[in-house]
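Student: Could you have a look at this structure, given as structure tokens, before my questions?
The values are calculated or read from the model by the stated rules, or taken from the named source; none is laboratory data. Just so it is clear, the structure is predicted and the values come from calculations on it, not from any experiment. We place every Cβ from the backbone using ideal geometry, glycine too, and count neighbours over all the protein chains shown.
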């Protein structure tokens, strides 16, 4: 006795079960899409403020030493007579005073070196700026990220934060500094070179240094400039 074809045929899935699977799949896709949208919006379109860089005691000491080297005017300690007078004046110390002296460049250092952390820590002296601007130093490249609060009355993005990123090539070659804009992006989207006036990847010193003005004076005053991983060094001419 042969089995009937109707008995061997597998049961067809219930329409209600197929509808349930489709609905669950749509809900899962919608949830994943929503999570990705929120993450991308928070991460790229409307980022949070940057965390200011805080130096430890050793780093602070090194940074203060560099700043002291740049400070050509140093206050003179008050004399013992002034100190005694200050103590007798209700315990108040007299203000530091300056003494006249002839100008001299003898022994003056002409090179300045700052680390990436030191530059960002200097920004942290202005807490509002440090939370909106961050600097990165890599081989021949200085990069910056900037958060710009938008006007609350602006359509669509009013009250939000605009994220701007830029890269600047800095190096020394052929006896002169090289300064070239690598690019600028808004919310992670690079701005076309045409919108930047065609200056992207153009050596600004070479292009405009022969016309006088800022770039010629800048090149004439720099003997060397180097951007390395997390470090910037500039040496000035006499």
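Student: Only residues that are over 18 Å from residue 54 (Cβ atoms), surrounded by fewer than 17 Cβ atoms within 10 Å (Cβ to Cβ) and in contact with a strand residue (DSSP E or B) (Cβ under 6 Å, 6 or more places away or on another chain): list them for region 99-140, please.
Tutor: 99, 110, 111, 112, 113
Student: If you check residue 66 against the conditions, is it at pLDDT 80 or above and farther than 30 Å from residue 163 by Cα? Write out each step before concluding.
Tutor: On the way: at pLDDT 80 or above: no; farther than 30 Å from residue 163 by Cα: yes.
Here the answer is no, as residue 66 does not meet what is asked.
Student: Have a look at 180, 166 and point out the one that is touching a strand residue (DSSP E or B) at 6+ places or on another chain (Cβ under 8 Å), farther than 30 Å from residue 105 by Cα, in a strand (DSSP E or B) and in contact (Cβ under 8 Å) with a residue 24 or more places away in the chain. Full working, then the answer.
Tutor: On the way: 166 fails: in contact (Cβ under 8 Å) with a residue 24 or more places away in the chain.
Matching residue, one of 180, 166: 180.
Student: So, one more: Exactly one of these conditions fails for residue 127: (1) at pLDDT below 85; (2) out of contact with any helix residue (DSSP H, G or I) (no Cβ under 7 Å at 6 or more places or on another chain); (3) on the phi > 0 side of the Ramachandran plot. Give me its number.
Tutor: Result: residue 127 passes all but (3).
Student: Still on this structure: Return the residue satisfying two criteria in turn: it lies in region 148-163 and is at pLDDT below 85 and not in a loop (DSSP other than H, G, I, E, B), and of such residues it is farthest from residue 214 (Cα to Cα). Please lay out each step first, then the result.
Tutor: Step one: of region 148-163, the residues at pLDDT below 85 are 148-162.
Next, only the ones that are not in a loop (DSSP other than H, G, I, E, B) stay: 148-149, 161-162.
Numbers: 148: 27, 149: 30, 161: 32, 162: 30 Å.
Once the filter is applied, the top-ranked residue is 161.
Student: Which of the numbered conditions does residue 223 fail, given that it passes all the others? Conditions: (1) touching a residue at least 60 places away in the same chain (Cβ under 8 Å); (2) touching a helix residue (DSSP H, G or I) at 6+ places or on another chain (Cβ under 7 Å); (3) over 24 Å from residue 145 (Cβ atoms).
Tutor: (2)
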